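First the structure, in the form of structure tokens, and then the observations on it.
The values are calculated or read from the model by the stated rules, or taken from the named source; none is laboratory data. Just so you know, these numbers come straight off a predicted model, no measurement behind them. Positions of Cβ are generated from backbone atoms using ideal geometry, with glycine treated the same way; all protein chains shown enter the neighbour counts. The accessibility values were calculated without ligands, DNA or RNA, using every heavy atom of the protein model including side chains. Shrake-Rupley method; radii C 1.70, N 1.55, O 1.52, S 1.80 Å.
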Amino acid sequence: MFRSRAKEEKAPVAEKAPVTVSKQSRDPQAPKGRPTPKRSEAQRRRRSVANTPMTRKEAARRRREERRAQLERQRQALATGDERYLPPRDKGPVRRFARDFIDSRFNLAEFFLPLAVVILVLSMIRDPAVQAVVMLLWLAVIVLIVLDWIVTGFRLRKVLNERFPDQNKRGAVAYALMRSLQMRRLRLPRPQVKRGERP
């Protein structure tokens, strides 16, 4: 007598609703039809969640550690010549050949720093004759280094065009000439060939 009309209208509809019976058998304890993950997988997921940085400070610390590890790998690669971790400037077979080409020969440019020190020491002597010799020595050193660079650059460009016709050789000659300015024992990546050995 006091029943609401809404409940009476909803009751038959609920009774007439068809019951869908799935033909696939499902583990009653598994959520949404997925099997329960193995314990090792669950532990791995928990560890990955626990290892993710929760704060900005932790994320910055992790980035610093990764950067430090990357720099350490690069430092070791510069010492051993490992191509995987070299900086982009030194990577690739073209750059490696350019390094080996320079390291396998004597270059006048690598003696520039010792000669510059000697010339600077001589320039401190206030004798006009010594000053004239120093000026001529400076001029001779610069001219010889420029000539050596021209010859080396021409030869290296020719060999690179023969050995690597289809690869990008842009900047390889300048890279090699700048390497020739450094003393052999101070070069990075370290020389991988001996003097006189063909690369």
- [ ] With a 1.4 Å probe and every protein chain left in place, work out the accessible area per residue of the range 77-141 in Å², rounded to a whole number.
- [x] 58 Å²
TODO: Calculate the spin-label point distance for VAL159 paired with LYS57, positioning each point 7 Å from the Cα along the beta-carbon direction, and give it in nanometres.
DONE: 5.6 nm
Task: C-alpha center-to-center spacing [the range 146-199, the range 69-97] in angstrom - done: 17 Å
Task: For the range 54-199: Kirkwood Rh in Å [reciprocal of mean 1/r, alpha carbons] - done: 18.0 Å
TODO: Return the distance in nm (one decimal) between the two label points of a simple spin-label model at PHE111 and GLU41, each offset 7 Å from Cα along Cα→Cβ.
DONE: 7.0 nm
Task: Directionally averaged shadow of the range 152-199, computed from the convex hull of its alpha-carbon atoms, nm² - done: 3.8 nm²
Task: Charge tally in the Cβ shell below 12 Å around ARG62, where Lys, Arg are +1 and Asp, Glu are -1, ARG62 excluded - done: +4
Task: Carbon + sulfur, % of accessible area of the range 109-185 - ligands and nucleic acids excluded, 1.4 Å - done: 72 percent
Task: Amide N of the range 90-128 lying under 19 Å from the label point, which is placed 7 angstrom from the Cα of ALA140 along Cα→Cβ - done: 107-125, 127-128
